Amino acid sequence: LTSVYFIDENTGWVVGINRTILRTTDGGINWSILLSGGYSLLSVFFVDDSTGWAVGSGGNILKTTNGNYWSQQASGTTVDLRSVYFINENIGWIVGGQIYDPGIILNTTNGGTDWSSTISDTIGYLASVFFIDENIGWAAGQYGTIIKTLDGGSDWVTQSISQAANLNSIWFTDANTGYAVGQAAGIYGTILKTIDGGTDWFIQTAGTINTLSSVFFRDALTGWAVGYGGTILKTTDAGISWEKLISPTNNDLYGFYFIDPINAISVGD
């Protein structure tokens with residue numbers, strides 16, 4: 001299982017390999033299988049309790065308008081699509097790419113009926129995308145690449161790149177403060193933070209040697225990161241310090257979502 005998204009404290013979806021899509025309506029106590037069999041799904045995103053998208057390997061995009069039944073959308077590409085993010089039911093972005101190839105960026109303004117694609121200037125795939133409004137967004141990926149747009153994705157500017165790092169997830173709490181997590185040679189469990197919209201990024205002490213897969217912030221101060229070996233980290237001071245929590249599993253975790261003030265869901269192997 002690769003990605004999880006909740007629209008409220010009860011209703012959520014999980015996607016994974018073999019075109020797996022699961023749904024819960026009771027906060028994760030029970031899950032129903034909506035799809036299974038085929039290509040891998042790597043990311044899921046919903047804008048309300050019925051409208052959502054899932055993306056994955058081979059350029060595949062699925063959309064639902066009732067939360068249960070999914071239909072294929074034409075992406076115009078066969079590369080792996082790794083992350084999807086929508087601002088509203090019409091405007092959204094997808095990023096992806098193959099290992100060692102330039103990243104791809106897809107954008108729609110009509111709910112995915114049509115997608116326009118751009119090959120980025122990055123030297124590796126893009127793994128995660130995050131927007132705070134219709135214009136301002138970031139994407140992160142292979143080789144520590146972080147790119148930013150101020151015009152809804154028409155133009156992207158490289159903010160950071162490191163040959164020794166791979167970034168798997170990016171999250172912003174406002175237009176200035178953001179975090180990116182992943183792995184770096186010799187310093188596994190990499191966490192980067194910016195307080196100026198990404199102009200400058202600095203390394204935080206992660207306290208783990210394990211690769212980090214996903215980062216999620218509930219508010220400006222409180223956030224979590226999960227990763228390989230069942231790693232779960234938490235910060236309550238905007239990333240100044242991270243506490244390693246006791247995990248119930250040694251299996252790799254890939255997705256995380258906080259569903260209400262006290263409950264969270266994490267998914268993985």
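Among the residues of region 83-104, those that are open to solvent by less than 10 Å² (accessible area, probe 1.4 Å) and either farther than 17 Å from residue 170 by Cα or of a type in the set (Phe, Trp, Tyr) (or both) comprise 86, 93. Return yes or no: is residue 44 within 14 Å of the chain's Cα centre (by Cα), among the hydrophobic types (A, V, I, L, M, F, W, C), within 19 Å of residue 253 (Cβ to Cβ) and open to solvent by less than 30 Å² (accessible area, probe 1.4 Å)? Criteria met by residue 44. Among residues of region 9-32 that are more than 18 Å from residue 63 (Cα to Cα), those with a Cβ under 9 angstrom from a residue that is among the basic types (Lys, Arg) and at pLDDT 95 or above, sequence gap 6+ or separate chain, pair up as 31/23.
Scoring residue 146 on the criteria (1) in contact with a helix residue (DSSP H, G or I) (Cβ under 9 Å, 6 or more places away or on another chain); (2) β-branched (Val, Ile, Thr); (3) closer than 20 Å to residue 213 by Cα leaves a single failure, condition (1).
When the residues of region 136-171 are filtered to those that are aromatic (Phe, Trp, Tyr) and open to solvent by 10 Å² or more (accessible area, probe 1.4 Å), the one that is nearest to residue 216 (Cα to Cα) is 171. Test residue 233 against the criterion of being of a type outside the set (Asp, Glu), surrounded by 15 or more Cβ atoms within 10 Å (Cβ to Cβ), at pLDDT 95 or above and closer than 28 Å to residue 157 by Cβ, and give yes or no. So residue 233 does not fit the description; no. Does residue 195 count as more than 23 Å from residue 43 (Cβ to Cβ), at pLDDT 95 or above and open to solvent by 70 Å² or more (accessible area, probe 1.4 Å)? Spelling it out, residue 195 is indeed more than 23 Å from residue 43 (Cβ to Cβ), at pLDDT 95 or above and open to solvent by 70 Å² or more (accessible area, probe 1.4 Å). Contact map, region 108-119: first residue over 8 Å from residue 91 (Cα atoms) and part of a loop (DSSP other than H, G, I, E, B), second residue of a type in the set (Gly, Ala, Ser) and open to solvent by 70 Å² or more (accessible area, probe 1.4 Å), Cβ cut-off under 7 Å, separation 6 or more or different chains; pairs are 115/76.
The values are calculated or read from the model by the stated rules, or taken from the named source; none is laboratory data. Note that this is a predicted model, so its numbers are computed, not measured. Ideal geometry is used to build each Cβ from the backbone, glycine not excepted, and the neighbour counts take in all protein chains shown. When the accessible area is computed, the model is the full protein with side chains, heavy atoms only, and any ligands, DNA or RNA have been set aside. Shrake-Rupley method; radii C 1.70, N 1.55, O 1.52, S 1.80 Å.
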